[in-house]
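Peer 1: Quick one: this structure, given as structure tokens, is what I'll be asking you about.
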Amino acid sequence: MRPMSAKRAAALTIALALAGAAVSAVIASIHAKLASSAGYASFCNVSESVNCDVVLTSDYAHLAGVPVAWWALLTYVVFVIGAVAVVRAERASRRRQAATALFGMALWSFAYSVFLGWVSLAVLRAVCLLCSGLYVLNAALVVATWLLFAAVRAQGRGAGIAAEAWRMRTRWIFAAAAMAVLVFLSLAAWEGSGRGGALSAEEVAQQYPEFYRWYMGLPVIPVSVAGGHARGRPASVVIVEFSDFECGHCAKAYRNLKRVLPRFGSDVQLIFRHFPLDASCNPAVASSFHRYACLAAMASECAAAQGRFWEYHDLLFENQSALERDSLIRYAERLGLDRAAFLACLDSDAPRRRIADDTSTGQRLGVASTPTLFMNGRIVTGALEADKLEHAIRIERAARSAAS
């Protein structure tokens, strides 16, 4: 067995990097659609446990505020450039430096893949098939860049010594990479087969009896789904949320809903309705607990008038400490809204009328604090933890299925 030539090793590195770039571009596209389109579900949303959307809407999908998919795409471009540089460099020292850098970058990329794989399995309890493909490609890039590194180092050395060293080290690299890929794929298959998150309603009742009794004891009242802003199509589970953009507990509910709902795809519809704890637009409250709540709600309605409610809704909860007028205008500009139309709307009575409709509906339903969720009419006051929210959705989905 002779060592692979530098040109062949570079070609292998380039091929793997181009494949990684293509997969990263697809992931980046899905990430953008999930961020901008209410109710969007990707082709990779296969089940509760095999679900790219769960992973790509999590906090781990960003690094330094930039989607990880874009960092991956940039990294694969650097792999291509570096591999070309190794082959075309005239000086041997330059080739060795470039090959060493590529091998180091491959090791770092694979280590980061191991971390993300652990997050996917242990924290999010969902497998992203596209992401898993990148993890395997990154393991293969460790092997390819090592072959390139070994080929470059062998140039100019004694053939026998170089070949023997190459064989010894390559065996270890291949074995380690193969073992890592095998372990990850085994864990992914285990998770995908239903371990962990995909409990049935019966299993929830058995494993979490106190929560099940508490939840089933909550009052249920009929709630109209007319009005409000809907995320997703009519579904077996409908969550009507009364919320306040300046409420800390509402921000927690937002984060948990954002984390959990992608797991259920089209089985859940979320309807947002306003209930700002601000007397300036909500006669149901005695005083203004949140001074910017009404203004923020009005701004969201002005964004809705331009078809961007959910994107603006997310920006408000992600920037809850800055809800004064200038910041609200800046968020509208960030989304590319028509500034003049947004300001005219903000100074009009139209958004106030929409908010008044929501607050009067909330008052009739007995809403007194935020967030208040009606899960198929079952009243949940406060923000459920993410795992409890999952359990509640499974209970409601099973009940609706049994009734139909």
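Peer 1: Give all pairs with beta carbons closer than 7 Å in which a residue from segment 61-72 that is without any contact (Cβ under 8 Å) to a residue 24 or more places away in the chain meets a residue that is among the β-branched types (Val, Ile, Thr) and crowded, with 17+ Cβ neighbours inside 10 Å; count only pairs at least 6 apart in sequence or on separate chains.
Peer 2: HIS62/VAL68
Peer 1: Residues in segment 351-395 that are in a helix (DSSP H, G or I) and open to solvent by less than 50 Å² (accessible area, probe 1.4 Å): how many? Give the steps one after another, and end with the answer.
Peer 2: So the first thing to find is which residues in segment 351-395 are in a helix (DSSP H, G or I), and the list is 351-364, 386-395.
Those left that are additionally open to solvent by less than 50 Å² (accessible area, probe 1.4 Å): 351, 355-356, 358-362, 386, 389-395.
Summing the residues that are in a helix (DSSP H, G or I) and open to solvent by less than 50 Å² (accessible area, probe 1.4 Å) in segment 351-395 gives 16.
Peer 1: Name the single residue, out of those in segment 121-141 being among the small types (Gly, Ala, Ser) and within 17 Å of SER24 (Cα to Cα), that is surrounded by the fewest Cβ atoms within 10 Å (Cβ to Cβ). Don't jump to the end; show me each part of the working.
Peer 2: Keep residues of segment 121-141 that are among the small types (Gly, Ala, Ser), which gives 122, 126, 132-133, 139-140.
In the following step, the residues that additionally are within 17 Å of SER24 (Cα to Cα) were identified as 132-133, 139-140.
Working: SER132: 22, GLY133: 17, ALA139: 24, ALA140: 21.
Selected residue: GLY133.
Peer 1: Just give me the residues in segment 207-246 being without any contact (Cβ under 8 Å) to a residue 24 or more places away in the chain, outside any helix (DSSP H, G or I) and farther than 29 Å from SER288 by Cβ, in sequence order.
Peer 2: Matches in segment 207-246: GLY217 only.
Peer 1: Condition first: within 27 Å of ALA403 (Cα to Cα), part of a strand (DSSP E or B) and either out of contact with any strand residue (DSSP E or B) (no Cβ under 7 Å at 6 or more places or on another chain) or modelled with pLDDT of 95 or more (or both). Can you find one or more residues in segment 247-267 that meet it? Reasoning before the result, please.
Peer 2: Within segment 247-267, the first condition is being within 27 Å of ALA403 (Cα to Cα), and the residues that meet it are 257, 260-267.
Next, only the ones that are part of a strand (DSSP E or B) stay: none.
No, the conditions are met nowhere in segment 247-267.
Peer 1: OK, next. Could you grab me the full set of residues in segment 4-33 that are surrounded by fewer than 23 Cβ atoms within 10 Å (Cβ to Cβ) and either within 23 Å of ALA92 (Cα to Cα) or among the basic types (Lys, Arg) (or both)?
Peer 2: Hits for segment 4-33 are MET4, SER5, ALA6, LYS7, ARG8, ALA11, LEU12, ILE14, LYS33.
Peer 1: Further, regarding this structure: Within segment 323-333, does at least one residue satisfy the condition of being in contact (Cβ under 8 Å) with a residue 60 or more places away in the chain, open to solvent by less than 20 Å² (accessible area, probe 1.4 Å), among the aliphatic types (A, V, I, L, M) and not in a helix (DSSP H, G or I)?
Peer 2: Of segment 323-333, the ones in contact (Cβ under 8 Å) with a residue 60 or more places away in the chain are 323.
So of that shortlist, the ones also open to solvent by less than 20 Å² (accessible area, probe 1.4 Å) come out as 323.
Still in the running and among the aliphatic types (A, V, I, L, M): 323.
With the extra rule that they be not in a helix (DSSP H, G or I), the set shrinks to 323.
Yes, that holds for at least one residue.
The values are calculated or read from the model by the stated rules, or taken from the named source; none is laboratory data. None of these values were measured; they are calculated from a predicted model. Virtual Cβ from ideal backbone geometry, glycine too; neighbours counted across all protein chains shown. Accessible surface areas use protein heavy atoms only, side chains included; no ligands, DNA or RNA. Shrake-Rupley method; radii C 1.70, N 1.55, O 1.52, S 1.80 Å.
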